[in-house]
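For reference, the structure is listed below as structure tokens.
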Amino acid sequence: MKLHLKRGILFLGFLLAAFAVAAGGYALGSNRYGQPKTIIHLVVVKWKPGVTDAQKQQVLDGIKKMAAETPGIENIWVKPARVQPRDFSTAFVIEFKDRAAADAYAESAAHKEFDDMYVPLRANSLSIQVTN
């Protein structure tokens, strides 16, 4: 009788351990995401005919310069992985700390200087801002 009791306890222990491992694996495998309160500013660009690769690079370098000079810019992305519609060939993203930083950027001297260089080169652009 003691043998059956020991086997029952061992079996129950094994089942509990297996359940714990399965539950832990499920918890670790669950997708976790956040919803930050930053402002994401996404721009896709269609260039005018004849705009050179050097001019396009100048625009991307201008975004980096602007980010370095503008308080409240947290991150930038300047290498698009995929852009649609296809006649738009460049995209960039600027992440702002908050709405106040995005609004200040829009009125900043660095943004005006960037626009003076960038706007004459683009045929069209789409601009979207997203937050939570």
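Laboratory data are not the source of any read-out in this text; all were calculated from the coordinates shown. None of these values were measured; they are calculated from a predicted model. Backbone-built Cβ (ideal geometry, glycine too); neighbour counts: all protein chains shown.
Worth a mention:
- Above-threshold pairs, the threshold being 21 Å between Cα atoms, out of LYS56/LYS79; LYS46/LYS97; LYS37/LYS65; LYS56/LYS97: LYS46/LYS97; LYS37/LYS65; LYS56/LYS97
- Length-normalised contact order of the stretch 39-130 in % [C-alpha pairs under 8 Å, at least 6 apart]: 52
- Exposure proxy ranking for GLU95, GLU113, based on other Cβ atoms within 10 angstrom of each Cβ and starting from the fewest, stands as GLU113, GLU95.
- This ranking places VAL51, VAL83 by how few other beta-carbon atoms lie within 10 Å of each, fewest first, which gives VAL83, VAL51.
- Here the Karplus curve 6.51 cos²θ - 1.76 cosθ + 1.60, taken at θ = phi - 60°, turns the phi angles of the stretch 117-132 into couplings of 8, 7, 4, x, 8, 8, 7, 7, 8, 10, 10, 10, 10, 9, 8, 10 Hz, with x standing for Gly and Pro.
- As a proxy for reagent exposure, ranking ARG32, ARG122 by other Cβ atoms within 10 Å from fewest up yields ARG32, ARG122.
- Shape class of the stretch 25-132 from the alpha-carbon gyration tensor: oblate, with a/c at 1.5 or above and b/c at least as large as a/b.
- Theoretical gain in end-to-end length, ILE128 to TRP77 [0.36 nm per residue, Cα-Cα removed]: 16.9 nm
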